[in-house]
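What follows is one structure encoded as structure tokens, with my remarks underneath.
The values are calculated or read from the model by the stated rules, or taken from the named source; none is laboratory data. Computed from a predicted model, the values in this text were never measured in an experiment. Cβ placement follows ideal geometry from the backbone for every residue including glycine, while neighbour counts extend to all protein chains displayed. Heavy atoms of the whole protein, side chains included, go into the accessibility calculation; ligands, DNA and RNA do not. Shrake-Rupley method; radii C 1.70, N 1.55, O 1.52, S 1.80 Å.
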Amino acid sequence: MLEGTSHPAPHPGFRRPIVASKFLTNSGSKLWIKGVTYGTFRPGRDGESYPDPAIVESDLAQIAASGLNALRTYTVPPGWLLDRAYRHGLRVMVGLPWEQHVAFMEDRECARRIEERLRAGVRACARHPAILCYAIGNEIPASIVRWHGRRAIERFLERLFRSAKEEDPDGLVTYVNYPTTEYLSLPFLDLACFNVYLESHDRLEVYLARLHNLVGDRPLLLGEVGLDSRRHGEVEQAQVLDWQIRTAFAAGCAGSFVFGWTDEWHRGGHDIDDWDFGLTLRDRRPKLALPVVRRAFAEAPFSRGKPCPRVSVIVCTYNGARTIRDCLKGLSRLEYPDYEVIVVDDGSTDSTSVIAAQYNCRIIRTENRGLGSARNTGLREATGEIVAYLDDDAWPDPHWLRYVVESFQSTDHAGIGGPNVPPPGDGPIADCVANAPGGPVHVLLSDQIAEHIPGCNMAFRKDRLEAIGGFDKQFRIAGDDVDVCWRLHEQGWTLGFHPAALVWHHRRDSVRAYWRQQRGYGKAEALLERKWPGKYQPSGSLMWRGRVYCKAVERAVFTRPRIYHGTWGSAPFQSLYRPASGLWQSLSLMPEWCLVVLFLAILSALGFLWRPLLLAAPILLGAVCLWLVQAVMGAMRASFVEKPRARWQRLGKLGLTTCLFLIQPLARATGRLRSGLTPWRIQGRLVPSLPRPRRFQFWSERRREPGAILRGVESALRDHGAVVSRGGGFDRWDLQIRSGLFGEVRLLMAIEEHGDGKQLIRFRLWPWCRSGGWVVALALACLATGAISDGAWIAGMLLGSVALWPLRRTILECGVANSVVVRALERLWPERE
């Protein structure tokens, strides 16, 4: 509290809030911001931009009586106003005004004055308990941002952020953005804040989901929502504010400010008389919106009266004694009326069951059968119509189930997932692992639709999960969540994602544990590839349709985002579009890069037998340097939960994170190769035959649609283990059958209609060789010829034998694909014309 003030606290727990991932907390309890903007007002005789203290006292008393708990000011409030707000239990978001509407960076002196004024404003409020946060800016115009450039504005705002923190280290700092400059990347802020004026419920819901994905694991506040009653009427203003507030909290926002408290508004030296956004008139008489806003805030964050279906929370554990206490303690704090906790102990040999018995849960002990089997055991025992899965090293936010259930109630999704956030206090190694690639992440097709939700935080409708037979038991360690998501998609169902349905998830706390985890993921990928070969590239990497939300990889790739400004910068929603990282941009972060480096190393080693091959050494060096540079980039841009205080601590974390970037693809590659997921694997379970162009024809007494015939052929081909692709609009083939890296077979169908439903179905198939195999073979053959001509017979023979490998593989793969096609056609039509 400021010196000289003696106002008692509104209640003993009223303290400055702190950030806990997506939410704000106060004295250990979640704090929901239910606020209103206050000002700006015509300056009085004393120059202050606030009304007479008696009017302010009356306003604050009425605001507090209306169930609101926060104010947002646009100028630095005087000490007496902060004292009165504190006495009424109101927190203040302090706006720090400066020349945001001009090209302020053109003049260094202007930029310096802005910083000095901001420091003075923060210094005047520092340490006051009523401070919610400081806003270091509000809606820098899009034209000004475009004029100076995005990066320059981001650097200037970070400079202001550092200045505010120096003056009040414990104060939270934000910048109030708006849709026209949503592309500003400001990860240093304590919380994100946006002014959003959307008069459509559906558009607001979709846009808030986008904002959550933009701001990541930080709280999202709406700095302004509202509607002009002069143009729309008081009735519509009340209706719109009602659903705006409810939508904001349902979307997972930490709070919202209504614009504004009164119609009285002064800006730019003039009273604004043609807008009426206030909850009260200029004489402070309430409008129809005030009781509506009061009721909406009172019922926030969740609407009352909705049914609460029973939920079964299933925790599968194996030797999880170290972390399961935190998990079960967190589950006991869930604020949901009807749920059960089922702990499936999958043959633990430690004290897991003893610890679990101390909590209100059902314990089911089985022999060690693996994760997929344990999840099915919990599913069979579940009594809820929704089953939610949580790992034993994670614990949920108290409102986790509320957000999950509301998502199920408002959509037809088969499953719902949410983020998993590393908790503070896990130590420096776990903090580095949290910033390394390979962690459990979600894959989104849109801001609300998921392609994959990780197993540490996923929930499903029980009947949908039972309809697909539950989880596949072959996935003992990992991969079960990916498989079940794909099988649900295969049935035509969708998966949703709610950014506020979060869990706190411990990361591995040692390099050895991280290595074992990534190696296990590599093994799981091999199992998935055998079951879903069409989901994988020939090299062995997964092909996701959606965006993988892995911050570590995004920080390391060389992608240059683009901003959609609209014609002449006129777009009201100006978004940052980050193109998907292509093969060459992310190759060094993939397990296949290890094989590339190994091949170059072998080629360089052969240089001791034939000196020209030493030219491969610079290429090898470049490949290793690219690997290292991207690892360093990913580490340098890391955002650690626990900020290193000393320089040596930061350097240590950066070094360890860089090492984790380097070993992750190596560990994945080890797991893949040991389990058979190699670039040289054969996809197809038949003996190869001579690959040559062939024709087949089959007589049918019953007419069938061409699409139905091709779908039947496609299904039969996949039953034999081949990877099948459909031809596009410009292709002269219908199906492409791949069995390896270099060779494939293409199939074309034609149908002769002979009347009375009779058809003659013709197929033509021919082998097709990918150019990569021939290029590699030709290059190695040229090297072999050069080595032999120089008398380096050993090197020449080795290179020649390697040059024959791509040719042999191409013929073999075409032969296997050819056998698969022939067998599939003969299975569909045993008697051929």
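So is Gly233 of a type outside the set (Lys, Arg) and open to solvent by less than 20 Å² (accessible area, probe 1.4 Å) or not?
On the way: of a type outside the set (Lys, Arg): yes; open to solvent by less than 20 Å² (accessible area, probe 1.4 Å): no.
Against the criterion (of a type outside the set (Lys, Arg) and open to solvent by less than 20 Å² (accessible area, probe 1.4 Å)), Gly233 does not qualify.
Conditions: (1) among the hydrophobic types (A, V, I, L, M, F, W, C); (2) closer than 13 Å to Arg611 by Cα; (3) touching a residue at least 60 places away in the same chain (Cβ under 8 Å). Ile788 meets all but one. Number of the miss?
All conditions are met except number (3).
Taking the options Asn376, Asn360, name whichever one is surrounded by fewer than 18 Cβ atoms within 10 Å (Cβ to Cβ) and more than 24 Å from the chain's Cα centre (by Cα).
Of Asn376, Asn360, the one residue that is surrounded by fewer than 18 Cβ atoms within 10 Å (Cβ to Cβ) and more than 24 Å from the chain's Cα centre (by Cα) is Asn360.
For (1) modelled with pLDDT of 95 or more; (2) under 24 Å from Val548 (Cβ atoms), each residue gets a yes or a no:
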| position | (1), (2) |
| --- | --- |
| Thr174 | yes, no |
| Arg203 | no, no |
| Val206 | no, yes |
| Arg210 | no, yes |
| Val215 | no, yes |
| Val225 | yes, no |
| His232 | no, no |
| Gln244 | yes, no |
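What is the residue count in segment 259-317 for residues that are closer than 30 Å to Phe471 by Cα and part of a loop (DSSP other than H, G, I, E, B)?
First, pick out the residues of segment 259-317 that are closer than 30 Å to Phe471 by Cα: 307-317.
Among the residues that remain, those that are also part of a loop (DSSP other than H, G, I, E, B) are: 307-310.
The number of residues fulfilling the criteria is 4.
Hey, can you tell me all the residues within segment 269-322 that are among the small types (Gly, Ala, Ser), more than 29 Å from Ala248 (Cβ to Cβ) and either open to solvent by 50 Å² or more (accessible area, probe 1.4 Å) or in contact with a helix residue (DSSP H, G or I) (Cβ under 6 Å, 6 or more places away or on another chain) (or both)? Walk me through it before giving the result.
So the first thing to find is which residues in segment 269-322 are among the small types (Gly, Ala, Ser), and the list is 269, 278, 289, 296, 298, 300, 303, 305, 312, 320-321.
Right, trim to more than 29 Å from Ala248 (Cβ to Cβ) and you get 269, 312, 320-321.
Correct list: Gly269, Gly320, Ala321.
Taking the residues in segment 456-483 that are closer than 19 Å to Asp392 by Cβ and either part of a helix (DSSP H, G or I) or acidic (Asp, Glu) (or both) as candidates, determine which candidate is most open to solvent (accessible area, probe 1.4 Å).
Once the filter is applied, the top-ranked residue is Asp481.
Suppose the filter is among the aromatic types (Phe, Trp, Tyr), in contact (Cβ under 8 Å) with a residue 40 or more places away in the chain and farther than 27 Å from Asp412 by Cβ; does Trp493 pass it?
On the way: among the aromatic types (Phe, Trp, Tyr): yes; in contact (Cβ under 8 Å) with a residue 40 or more places away in the chain: yes; farther than 27 Å from Asp412 by Cβ: no.
No.
Which ones in segment 76-120 are in a loop (DSSP other than H, G, I, E, B), over 23 Å from Ile18 (Cα atoms) and either of a type in the set (S, T, N, Q) or under 38 Å from the mean Cα position of the chain (by Cα) (or both)?
Step one: of segment 76-120, the residues in a loop (DSSP other than H, G, I, E, B) are 76-78, 88-90, 96-103, 107.
Remaining after also requiring over 23 Å from Ile18 (Cα atoms): 78, 97-103, 107.
Pro97, Trp98, Glu99, Gln100, His101, Val102, Ala103, listed by residue number.
With segment 717-774 as the region, which strands (runs of 3 or more DSSP E) entirely inside it contain at least 3 residues that are farther than 17 Å from Arg827 by Cβ, touching a helix residue (DSSP H, G or I) at 6+ places or on another chain (Cβ under 9 Å) and touching a residue at least 12 places away in the same chain (Cβ under 8 Å)? Talk me through it step by step, then tell me what you get.
On the way: elements: 723-726, 735-738, 743-753, 759-769.
The strands (runs of 3 or more DSSP E) meeting that bar are 723-726, 743-753, 759-769.
Assess whether Leu198 counts as being part of a loop (DSSP other than H, G, I, E, B), over 27 Å from Phe104 (Cα atoms), modelled with pLDDT under 95 and not basic (Lys, Arg). Please lay out each step first, then the result.
Details: part of a loop (DSSP other than H, G, I, E, B): yes; over 27 Å from Phe104 (Cα atoms): yes; modelled with pLDDT under 95: yes; not basic (Lys, Arg): yes.
Criteria met by Leu198.
Looking at segment 539-567 only, could you name the residues that are open to solvent by 20 Å² or more (accessible area, probe 1.4 Å), in a helix (DSSP H, G or I) and at pLDDT below 75?
Those that are open to solvent by 20 Å² or more (accessible area, probe 1.4 Å), in a helix (DSSP H, G or I) and at pLDDT below 75: Lys551, Val553, Glu554, Arg555.
Within segment 42-90, which residues are in contact with a Ser or Thr (Cβ under 6 Å, 6 or more places away or on another chain) and either open to solvent by 50 Å² or more (accessible area, probe 1.4 Å) or among the aliphatic types (A, V, I, L, M) (or both)?
Hit for segment 42-90 is Pro43, nothing else.
Has segment 146-158 got at least one residue that is without any contact (Cβ under 8 Å) to a residue 24 or more places away in the chain, more than 13 Å from Ile114 (Cβ to Cβ) and open to solvent by 40 Å² or more (accessible area, probe 1.4 Å)?
Yes: one or more hits.
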